[in-house]
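Colleague: Here you go, one structure.
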Amino acid sequence: MLLLNQQQVETLLDLERLIEALAPAMVDLSTGAVSMPQRVVTPVPGEDGLLADMPVYVPSAGALSSKLVTVYPHNPQQGLPGHQALVLLFDPTTGTPLVLMDGTAITAMRTAAGSALATRLLARPESEVLVIVGAGVQAWSHTLAMPRVRPIRKMRIVARDEHKGRVFARRAAETLGIPAGYFDSFAAAADGADIICATTHSAEPVVFGGLVQPGTHINSVGLAYRGRELDAEAVLRSLVVVESRKAALADGHGGAYDLKIPIAEGLITADHLRAEIGEILAGEREGRSSPDQITLYKSVGVALQDAVAAGLVYQAALEQGTGIELDF
């Protein structure tokens with residue numbers, strides 16, 4: 001069995017290839033061709049954290065995998081990632097373990113690739129102004145992913161910590177070669193925004209629908225199992241697209257509280273979830289229908305995306321002779 005660390009995974013996983021590879025896999029998910037049980041979540045109440053197990057079999061990608069991931073929202077205050085994970089990939093014909101790899105980088109990049117795919121489908125083609133809410137790992141992966149699918153010319157960073165926000169903005173400007181600035185309020189950043197990426201663990205809304213302008217596309221990937229990073233108006237005003245309705249509305253810690261809370265309050269029904277990404281790709285459902293429409297991709301992260309990413313990493317590792325062979 002091969003062993004790959006975080007640095008190796010980051011080097012081997014090509015973001016462009018991942019975005020492309022996710023498209024047919026998401027269609028498979030929506031057509032029922034994927035075997036993907038609901039994630040099993042073990043809460044750790046004393047630490048406000050959780051451990052989740054995410055198994056999946058994707059026949060079209062030849063991928064059988066399981067990811068173990070911990071989510072500890074307060075970790076960044078200690079200099080640790082909020083998400084930490086391991087991914088184990090198996091041979092689907094024999095069940096033999098093939099590779100154990102760091103899943104922290106997998107989680108960050110597959111989440112951003114999913115948002116990029118949604119942005120390609122839903123955002124206006126001329127979208128140029130990108131707002132990133134947050135200054136952590138997911139914020140950075142989305143910063144790298146969005147210019148792959150839209151002609152980003154300007155970036156705005158909204159973060160609670162001004163120092164982190166300004167450092168992040170400088171890094172983004174240097175990396176992408178475009179203007180990037182720190183904004184101390186969502187209201188100021190949202191004015192004139194084309195794409196908004198919410199990438200926080202916030203249990204209180206950080207994206208407010210009343211401030212979102214017509215035509216904006218929103219990606220929301222934050223996980224808060226006691227709250228939400230989107231207010232109800234942001235959901236109400238948007239055409240809502242998800243990876244999987246079943247995953248988005250799962251009971252307990254598994255679903256998207258940003259959607260479940262407005263449903264529980266009677267503000268919307270489950271029918272407000274207009275489409276799955278795979279349904280739009282397959283031509284079964286419509287995405288954006290007008291330039292002024294607000295679109296929202298709410299992601300909870302699905303195991304299929306981890307499996308596809310892990311498969312790409314494994315193939316690249318074999319081609320490049322990277323990793324350590326373990327003999328049990």
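The values are calculated or read from the model by the stated rules, or taken from the named source; none is laboratory data. Because the structure is predicted, anything quoted here is derived from the model rather than measured. Cβ sites come from the backbone with ideal geometry, for glycine too, and all protein chains shown count toward neighbours. Side chains are part of the model used for accessible areas, which takes the heavy atoms of the whole protein and leaves out ligands, DNA and RNA. Shrake-Rupley method; radii C 1.70, N 1.55, O 1.52, S 1.80 Å.
Colleague: For the range 1-98, what log10 I(q)/I(0) values come out of the Debye formula at q = 0.11, 0.14, 0.24 1/Å, with one point per alpha carbon and no solvent?
Modeller: -0.43, -0.70, -1.32
Colleague: Further question: What distance in nm lies between label points placed 7 Å from Cα along the C-beta direction at E47 and Q315?
Modeller: In this crude label model, E47 to Q315 measures out at 3.6 nm.
Colleague: Another one. Using 0.36 nm per residue of separation minus the Cα-Cα distance, give me the extension gain between A188 and Q213 in nm, one decimal.
Modeller: 7.8 nm
Colleague: Still on this structure, please answer the following. Show me the three semi-axes of the equivalent ellipsoid for the range 181-328, from the C-alpha gyration tensor (sqrt of 5 times each eigenvalue), largest first, rounded to whole Å.
Modeller: Values for the range 181-328, descending: 31, 19, 17 Å.
Colleague: What is the spin-label model distance, in nm, from S60 to H163 if the labels are put 7 Å beyond Cα along the C-beta direction?
Modeller: Those two pseudo-labels are separated by 4.8 nm.
Colleague: Using alpha carbons only, what's the Rg to Rh ratio of the chain with Rh from Kirkwood?
Modeller: 0.95
Colleague: Follow-up. Quick check on packing: order 126-138, 181-193 by the mean number of other C-beta atoms within 10 Å, highest mean leading.
Modeller: 126-138, 181-193
Colleague: Sort 21-31, 104-114 by packing, meaning the average of other beta carbons within 10 Å per residue, with the highest value first.
Modeller: Ranking, from highest mean packing down: 104-114, 21-31.
Colleague: Right, something else. Tally up the carbon and sulfur contribution to the accessible surface of the chain as a whole percent, 1.4 Å probe, everything protein left in place.
Modeller: The computed percentage sits at 52.
Colleague: I'd like to check one number: the per residue accessible area of the chain, probe 1.4 Å, reported in Å² as a whole number.
Modeller: Counting only protein heavy atoms, the per-residue value for the chain is 42 Å².
Colleague: Could you give the nm distance between label points at L3 and A173, where each point is 7 Å from its Cα heading toward the beta carbon?
Modeller: Placing both labels 7 Å along Cα→Cβ, they lie 4.3 nm apart.
Colleague: Which pairs in the list K67/K246; K246/K298; K67/K164 are over 23 Å apart, alpha-carbon to alpha-carbon?
Modeller: Pairs exceeding the cut-off: K67/K164.
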